[in-house]
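Report on the following structure.
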Amino acid sequence: MNPLAVAFIFVLAGFLGFELVSKVPSQLHTPLMSGSNAISGIALIGAVLALGNAEESMTVTVFGFLATIFATINVVSGYCVTDRMLGMFFHGKK
C-alpha cells in the first residue's frame, strides 16, 4: 500500500474518532466507551496485521506501530472504565 495512503487513512481515522467522541453527551460517554471495545479490538487486529505486512516500508511500520499502541490503550482503558462502571452499579444495588 502507498505510504501516503496509509498516512491519510491514519490521520482521517484520528480526526473522525475525535469528532465523533467529542459530540457525545457526557451521560452516554461511558456506555459508548464500553460498547466500542469490540471495535477497538478489531482495530488492534488490523494494526497488528498491517505491522506484520510492512515488508520494507518504514512509513507503514511506524503507522502500524502507532496504531497498535493507540488501539491497545483504547481497549485497556475501555475495559477499566467498564469494570469501574459495573462496580459502581453493583455496589449501589447492595
Any hit, the stretch 68-79, residues being at pLDDT below 80, part of a helix (DSSP H, G or I) and surrounded by fewer than 17 Cβ atoms within 10 Å (Cβ to Cβ): no
Single condition Val11 does not satisfy, out of (1) modelled with pLDDT under 80; (2) surrounded by 10 or more Cβ atoms within 10 Å (Cβ to Cβ): (1)
Residue identified as out of contact with any Asp or Glu (no Cβ under 7 Å at 6 or more places or on another chain), aromatic (Phe, Trp, Tyr) and at pLDDT below 80 among Phe63, Phe18, Phe89: Phe89
Top-ranked residue of the stretch 21-33 - restricted to ones that are hydrophobic (A, V, I, L, M, F, W, C) and in a helix (DSSP H, G or I), ranked as modelled with the lowest pLDDT: Met33
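The values are calculated or read from the model by the stated rules, or taken from the named source; none is laboratory data. Worth saying up front: this structure is predicted, and the values here are computed from it rather than measured. Note that we place each Cβ from the backbone using ideal geometry, even for glycine, and neighbour counts take in every protein chain shown.
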